Structure formats: structure tokens, C-alpha cells
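The values are calculated or read from the model by the stated rules, or taken from the named source; none is laboratory data. Since the structure is predicted, the reported quantities are computational estimates derived from the model, not experimental observations. Ideal geometry is used to build each Cβ from the backbone, glycine not excepted, and the neighbour counts take in all protein chains shown. SASA here: full protein model, heavy atoms, side chains in, ligands and nucleic acids out. Shrake-Rupley method; radii C 1.70, N 1.55, O 1.52, S 1.80 Å.
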Amino acid sequence: MLANKFKSGLTYALILAAGLGIGLIAPQLFKAFKPAYHTGDYSAYYPDANIRVVVYGTETCPYCIQARTYLRERAIPFIDRDVDNSDQGQRDFAVLGKRVVPVILVGDRLLTGFNKKHLDAALAKVGHPNAR
């Protein structure tokens, strides 16, 4: 009888450990396989051929603020669209179908979130001289 309780307790512990392990590892695996950017024709979002970067964000989002600061420090011209206070920003953001900010368009790439490595790669691809 004691052996049966031990086996059922051990089984329960193994199932619990497996569930916790999956719960902790699954999000990390999802992140690992998530693409860094999406490609597409975003030319309609750029006002002219000289400006190939658009940032969609809010005034209070810390990642939006970091992205804007990062671009300004490198003297990279960009359009700043506020998705809270700008009709144009709200319309574009809705068409892009994203739910989080910042969304950064660079050439034919759409980046979600602020990641220096991915942003630098996109800037280099469109030929910005101040990209790292």
C-alpha cells in the first residue's frame, strides 16, 4: 500500500515537473523562432525617397522613447507617428495590424519593439551611413 502511494506521488510530481518545465520553456522557444522583422512594401508610409524610417509609438512608452533617442543620436531622419494623438498615426497603425508599440518601418522591413541589433541591420540595408 505504501509502495502504491509512493508511485502515485512520484507520478504526480513528474507530471507537475513536466508541466512547469513546458510552461517555462515554451515562451522561450516561441521567442527563438519568432522572426526579427517582417518584409513588405511599406513605401506608401514614407513621405519621400529621403526618409525611409517611420516610428509608430506613444509618448509614454519607454521603448518608443529609446527608439526615437537612438535614431536622433545617429542623425537618422525619421517620421514620428503618435498612435494615441495623431489621426494619421492611428490609421496607419490599424492598417499595419499591430497591437504593441513601437512599430518601426525601415525600408522594406517592419520591426516590432526596439532591438538595436535588428534596427541597425535594417538601417544598414537601406544604406544609412550612421547605422552601426
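Structure notes:
- Within the range 46-63, considering residues that are assigned to a loop (DSSP other than H, G, I, E, B) and of a type in the set (Ser, Thr, Tyr), the one farthest from the chain's Cα centre (by Cα): 46
- Qualifying residue in the range 74-81 (condition: modelled with pLDDT of 95 or more, within 13 Å of the chain's Cα centre (by Cα) and of a type outside the set (Val, Ile, Thr)): no
- Residue within the range 54-62 that is open to solvent by 30 Å² or more (accessible area, probe 1.4 Å) and either within 25 Å of residue 129 (Cβ to Cβ) or not assigned by the TED database to the domain that holds residue 122 (or both) present: no
- Residues located in the range 69-95, provided they are closer than 23 Å to residue 125 by Cα and open to solvent by 30 Å² or more (accessible area, probe 1.4 Å): 69, 72, 73, 75, 77, 78, 79, 80, 81
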